[in-house]
Each structure stands twice: as C-alpha cells, then as structure tokens.
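The structure that follows is given in the form of structure tokens.
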Amino acid sequence: MHKSKVGVRMRIAWHIALSLVLMPVEKERAPRPTAVHSSHREDTVTFILSVLLAAMIAMPAFADDAPRFQVDAAWPKPLPNDWIMGQAAGVAVDAQDHVWVIQRPRSLTDDEKALTLNPPPSKCCRPAPAVMEFDVEGNLIQAWGGPGEGYDWHRCSGFRLDRRQWRQ
C-alpha cells in the first residue's frame, strides 16, 4: 500500500474521531453526570481510533500476502484432432496434479467449429469433448463426452473430483 493511501486513511480516521468528540450532544430528558458522559465518549473514540489504526496497519500485510497469477499462453499444449475448447464450466486439480476441465462445446460459434459444417468453410476446427484431463505440462491425457449411442450429453455447469481414478 502506498504511503499516500495510508495518509489519506489516517486523515479520514482523525476526521471521524474529531467529529465524534465535537458532535453536539442532544438534550437529554434526565440529566446525567457530565464526567460519566464525557468518559463514555472518550472510551468510544479511543476504541474507534484503535480499530481504525489496527485495520490500517493490517491492510498492507494482507495485500502483500495475496497470490499473484500469470497467464501461460502455452498451456495447455495444442489439442489433437483439430479440437477447440468452448466456455470452461469447471476446472479442478486431482491428487496427481492433473488438471480436469469441463467445457461447453455448444458455446462455440459456427466460425469456431467450421470443420463440423457441410461443406466446411475452413480447415479448422471441431469441438473438443466436454471433459478433458491434462497433466502438469499441459499434455492431454484423456477426453470424453458428447453425443453417443444410447444417451445424450447434456449441458454441464461444473463437476467435482472424488478419490476414484477416472480412466477410460
């Protein structure tokens, strides 16, 4: 966090604290001793300032601990069979650090899945199967899903890996 942001937060905290101290007191129906009322206000201001100060001190520590991610354009490696992926519906990592992706082949436009049209207007591509497993390096291990004999592959919104090993 930049020092200028900390300075702004300190000024805001002091402004709030001063407004609480200098805030006009409403007329009370039953008079209370001034010392008790003043002491209560001072305790409240001290508490608020302590909380604000603790928050300002802790915020940079949390910001520095946040993970940073970077896109790897070479992952995954090119898919076989002129396959192309649609919208990713879910991603999970198993115990072997294999990355499982469930994607939506039906989300591809006709231009993206041109090889499936008759006649094909271009030399690329066709939808990849809905479920794909990749190793750490981005190599496709296996893939399945889509229309098949005796069933219709429906749209998927996600998946969860369990302890079983899924091998075709």
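Compare the peptides 79-85, 99-105, 68-74 by average per-residue count of other Cβ atoms within 10 angstrom and give them in order, highest first.
Working: 79-85: 15.6, 99-105: 19.6, 68-74: 5.7.
Per-residue Cβ counts within 10 Å, averaged per peptide and sorted highest first, yield 99-105, 79-85, 68-74.
Under the 0.36 nm per residue contour assumption, what length would be gained going from the current alpha-carbon distance of Thr109 and Cys124 to full extension? Numbers along the way, then the final one.
Details: separation 15, 0.36 × 15 = 5.40 nm, distance 1.23 nm.
Fully extending the segment from Thr109 to Cys124 adds 4.2 nm.
Could you give the length gained on full extension between Trp144 and Thr46, defined as 0.36 nm per residue of separation minus the Cα-Cα distance, in nm?
Working: separation 98, 0.36 × 98 = 35.28 nm, distance 6.27 nm.
Full extension from Trp144 to Thr46 adds 29.0 nm.
A follow-up question, please. Can you give me the long-range amide H partners of Trp83? Hydrogens built in the peptide plane at 1.01 Å from N, cutoff under 5 Å, separation of 5 or more residues or another chain.
Arg126
Computed from the coordinates by the stated procedures, all read-outs in this text should not be read as laboratory data. Bear in mind that the values here come from a model prediction, so they are computed numbers and not experimental data. Here the Cβ is made from the backbone with ideal geometry for all residues, glycine too, and neighbour counts use every protein chain on show.
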